[in-house]
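Q: There's a structure below that I have some questions on.
Here, each number is a calculation from the coordinates, and none is a lab measurement. Bear in mind that the values here come from a model prediction, so they are computed numbers and not experimental data. When we count neighbours, we look across all protein chains shown, and the Cβ atoms used for this are built from the backbone with ideal geometry, even at glycine.
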Ligand SMILES: [Zn+2]
């Protein structure tokens, strides 16, 4: 009897091991190396000066609703026109809703679906205090271009148009039409810029084969367990939901309190919300670790290849890391709480606000249902705050020609980093093009290092001169590749691919 049990256990062990190995082999893969593409010649100093001139146009919204400053935009459009004469001669430019720009570089094959490269022209405000060089003077010092917008995202405005100017000088003409979409109010939601542009494209019956907008960069140390740099391509965006919770109760004097006050009832509800977050979806991280391939250590590959066995361990490991946690679940953040005015008076009302960021797959209705279930208290009323909610965006495929060629171009230009899809935690103008495009990717072509990473919207925002030049090469290569009928980055240049 014992013998049989031992044999059974042994057989099970062997079976499990084989399964683990097979699943891991199927999961992991090697990129091989692609041949580096030198790309178009770029005059580093000149492109730095162009970005600096762009920074000097203070396209900061005049108020919270994003009212544009007409003079700043006039100056910026003028600067682009005089700096890039060929682009403005050969590429059709439309001004949408007064300030946004839509360029149409007509391809020789109008039967092909166009592609679009995006950036936004507006920047957030920058009070000059604390800056090493004033935020709107566009100084070039110590190998950096300094100022508001150099990372978010005037670098991309210049990167795209500079690349087009160089390609036009070389006589390049795409087969596939290439659009440049440059909104003017992304930082305040894009409702007057890209939303209008998206509608216009839809009215015109345009379907886009691919979009690249701002997003992840080439970053080290973001993914748990992976040490080297990884090129992060946003394939989706989390949704947004702000909910207000209200409790009303009998007001009175604090000397004779009821068993529970509005504050007590609300506090219990908030604690329950925080301690019962929406469930983790480890599977959502699988494409990311799969995308990294062999750049992830073996034990992580084994674990992600075999979630059925290692899921609970992975969950325990990743949940405490805020960025990983946010990548695999809808997060709950309690952000505002209000109630009571006098130390000796029981208030009639207590209010709180929570902000949820929705993982693609979870809907606003799911979150509201979850909150109701978790709080389980009829005295707590809640509703979404008007204008402060939107569903998560659909996940763009990683099997499309648009994604595959983007991945290859990133590897050609930036020396073979692993490339992986991820869910953007913040929003971009891309949301306004979901009705006209299934292949929307968010990638900012900069190798972010600790000297300047995370300075978007902050003090001393700056970009290395050489990184700016590299961005131009990236966009030129993208236009060459996406501008072709097959959108292929010449598979012949792939050597040693496994
Ligand atoms: Zn931005």
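Q: Over what distance in Å are the Cα centres of the stretch 113-150 and the stretch 168-184 separated?
A: 23 Å
Q: Where does each of 149-158, 32-41, 52-61 land if you order them by average Cβ count within 10 Å, highest first? Provide the component values of the computation, followed by the final result.
A: Values: 149-158: 27.0, 32-41: 15.4, 52-61: 21.2.
Packing order, densest peptide first, comes out as 149-158, 52-61, 32-41.
Q: Here's a follow-up. Give, in nm to one decimal, the length gained when the segment between residue 316 and residue 38 is fully stretched (0.36 nm per residue of separation minus the Cα-Cα distance).
A: Full-extension gain reported as 95.7 nm.
Q: At a 10 angstrom cut-off on C-beta neighbours, averaged per residue, how do the peptides 364-371, 260-267, 475-482, 423-430 rank from highest to lowest?
A: Those peptides, ordered most packed to least, come out 475-482, 423-430, 260-267, 364-371.
Q: Mean residue ellipticity at 222 nm from the helices of the chain, using -39,500 (n - 2.57) per DSSP H segment of n ≥ 4 over the full residue count, to the nearest 500 deg cm²/dmol? Kindly include the intermediate steps, with their values, before the conclusion.
A: Working: 14 runs with 176 residues, N = 498.
Per the formula, -11000 deg cm²/dmol.
Q: By average Cβ neighbour count within 10 Å, what is the ranking of 344-355, 230-241, 213-224 from highest down?
A: 230-241, 213-224, 344-355
Q: Contour minus end-to-end for residue 22 and residue 488, with contour as 0.36 nm per residue of separation and end-to-end as the Cα-Cα distance?
A: The span from residue 22 to residue 488 would gain 164.6 nm if fully extended.
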